[in-house]
Amino acid sequence: MTFPHTPATPPNPDDLLVLLAVARTGRFTTAADSLGLNHTTISRRITSLERALGGRVLSRTAGGWEVTDLGSRAVEAAERIESAVGVLQAPADAPARLTGVVRMSATDGFSAYIAAPAVADLQRAHPQLRVEIVTVTRRALQHRSGLDIEVVVGEPQVHRAEAFRLGYYTLGMYASRSYLTERGTPSSVDELTRHPLVYFVDSMLQVDDLDAPRRLVPTMMDSVSSTNVFVHVEATRAGAGIGFLPCFMADQHPDLVRLLPGDFHEQLPYWMVLRPESLRQPAVAAVVTALRTRTSEFQQALLGGTARRDEGGQSRLTE
């Protein structure tokens, strides 16, 4: 369907704000819920906007709706409208406060140890800010409808997106003290291969950079396999086998012992991927800054600093 361009009819500002909601959520139904409208009204508003602008502002993808080039320009205009309305609604002497919902995806460990604390600190100053975190280990999406931020392992190959490296983390082989007492402590790679492995489900692993155990010790037989790294940690602690674990997670547990660190010290990068229109949102930009700061502060632990517990039960890092 094509739309005749009619420059004499300026777009309705309300239609622009509807587009903004769809661009941020990727779905008509979610945008409708956030605006207190129904799906039909959202569709009608988008059609009205496209007639006014003379072209498509949204395109359908497998994951939802993505803005077109024309839509991206319209979203920028809508953001200016939203910002102006926000200034009028706030008291003249009120400090700037972040509001709205930021949606992100990240791996299990990053979400728990970096994203959650970073967001909690940010919300102390901005209590009306909401952050939704989807935990998943996968490649960066080519169509990231509904997501403002993605944190992935390994350098992403994406288009129409901004990507930058956040930092690195290290994985190592770990076993519980009770397991080693019962089964013996391997002193070489050859001895290690006689033990079962706790790691990701091989057939469901979507990130090539995480295939290290199958590359380094291909003869290790799987014991407990899971798509969730917290399951890896707890299964290793329970004695299910030797786990290939992120050091920043395993080192939190004094009952786990790192094995053969000279042979197993796989270092992988965290990358952040953002839609350009998302980064223009003050709330998203603030969350990005908070994540970068927390990652930098946590870098020693990410790279395999040893954690020990003080008498109060708090985790502290030592060299």
Exposed (fewer than 13 other Cβ atoms within 10 Å of the Cβ), out of contact with any Asp or Glu (no Cβ under 9 Å at 6 or more places or on another chain), under 30 Å from residue 294 (Cα atoms) and free of Cβ contacts under 8 Å to residues at least 60 places away in the same chain - does that describe any residue in the range 157-177?
yes
Of the numbered conditions (1) in contact (Cβ under 8 Å) with a residue 24 or more places away in the chain; (2) surrounded by fewer than 19 Cβ atoms within 10 Å (Cβ to Cβ), residue 231 satisfies every one except a single condition; which is it?
(1)
Answer yes if at least one residue in the range 113-130 is under 19 Å from residue 231 (Cα atoms), hydroxyl-bearing (Ser, Thr, Tyr) and modelled with pLDDT of 90 or more, and no otherwise.
yes
Tell me, please, whether a residue that is surrounded by 17 or more Cβ atoms within 10 Å (Cβ to Cβ), in the same structural domain as residue 131 (by TED's automatic domain parsing) and under 19 Å from the mean Cα position of the chain (by Cα) can be found in the range 206-222.
yes
Among the residues of the range 16-55, which ones are of a type in the set (Gly, Ala, Ser) and in contact (Cβ under 8 Å) with a residue 12 or more places away in the chain?
21, 23, 26, 31, 34, 43, 48, 52, 54, 55
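The values are calculated or read from the model by the stated rules, or taken from the named source; none is laboratory data. All values derive from a computational prediction rather than experimental measurement. Backbone-built Cβ (ideal geometry, glycine too); neighbour counts: all protein chains shown.
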